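The structure under discussion appears below in the form of structure tokens.
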Amino acid sequence: MTVNIKEKILNNKTNLIILLYAVLMGIAGIFDLQISESLVNRNSGWAKVIEDYGELPGIITILTAIFIYHKKKKHSSNARTILYSFILTYSAFMLFSYTGIVLFKPFLNSFYPVIIFASVLMLISVVLVKKLKVDFSETAFYFSKVVLLMGIFGYVLFVQPLKIFWGRVRFRDLEPLFTDFTNWYVPNGITGSDSFPSGHSAMGFVLISFFILFRNKNFNAKFVIYSFALIWAVAVAASRVVIGAHFLSDVIVGSMGMMFVYLYFSKPERAKNI
């Protein structure tokens with residue numbers, strides 16, 4: 001398959017995905033509240049499980065990407081090495097801390113166990129990075145870049161700031177008559193509420209990055225991985241609506257940031273110098 005044909009296919013896929021998101025956001029703009037009223041079940045067992053643990057696969061994927069990137073990257077100067085190491089180490093520690101919170105939330109009386117848990121995992125990780133002799137492929141290196149870019153642009157710089165400044169009230173926190181409901185296209189400013197967009201949904205869609213590792217595999221392998229990644233991503237997004245934590249538009253926009261970062265860097269040359 002020639003480069004031009006590949007680019008046309010990618011462009012067509014991108015256009016279809018943009019159209020799909022536009023249609024979904026239009027539907028959400030009209031029926032957001034009604035959809036939540038119909039679907040919310042705060043006693044849903046599967047939605048509760050995903051609420052507690054649904055971000056872990058995305059976190060583990062990002063931690064794996066940090067490990068691969070650090071092992072593979074050839075830094076050009078001491079200053080850059082220090083900068084990369086600091087950013088990656090800090091990111092890993094924060095992710096380990098969050099993992100500790102997720103795993104031990106029912107048993108936590110203080111934050112100290114989380115710090116100890118994260119510190120132990122960091123120590124193990126540092127030893128592995130230093131001692132483990134692994135030669136990752138260029139495809140794995142490219143995968144790690146895309147995952148980190150999704151985490152930085154799709155989550156840290158897109159989802160988290162919007163949560164703060166959009167100030168949308170979650171469905172489960174609305175007044176009984178829904179008088180404080182606002183549509184997704186109405187920014188409320190800093191209110192302390194953070195429904196829009198969904199961080200869980202964004203983390204669920206991190207798994208689409210595995211498409212990169214399986215691009216050149218046989219049909220059956222691609223079908224299994226692609227299906228699992230998409231089903232998981234949609235299940236995480238749906239669970240957030242069912243449990244009452246988010247509206248449809250929240251989970252759509254949460255996934256959108258990740259999807260568009262992934263699509264942009266689907267061309268390897270765009271991640272070449274990162």
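The values are calculated or read from the model by the stated rules, or taken from the named source; none is laboratory data. Fair warning: this is a prediction, and the values are worked out from it, not measured in the lab. Counting neighbours? That spans all protein chains shown, and the Cβs are built from the backbone with ideal geometry, glycine included.
Scanning the range 37-53 for residues that are among the acidic types (D, E) and surrounded by 15 or more Cβ atoms within 10 Å (Cβ to Cβ) turns up just one, E51. Per the listing L24, L56, L20, the residue uniquely free of Cβ contacts under 8 Å to residues at least 40 places away in the same chain and surrounded by 12 or more Cβ atoms within 10 Å (Cβ to Cβ) is L20. Residues in the range 27-36 that are within 17 Å of V242 (Cβ to Cβ) and either surrounded by 16 or more Cβ atoms within 10 Å (Cβ to Cβ) or among the β-branched types (V, I, T) (or both): 5 in all.
Which of the residues belonging to the range 117-161 are buried (at least 19 other Cβ atoms within 10 Å of the Cβ) and closer than 30 Å to G29 by Cβ? Within the range 117-161, L149, M150, G151, G154, Y155, F158, V159 meet the criteria. Scanning the range 110-149 for residues that are charged (D, E, K, R) and either modelled with pLDDT of 75 or more or touching a helix residue (DSSP H, G or I) at 6+ places or on another chain (Cβ under 8 Å) (or both) yields D135, E138, K145.
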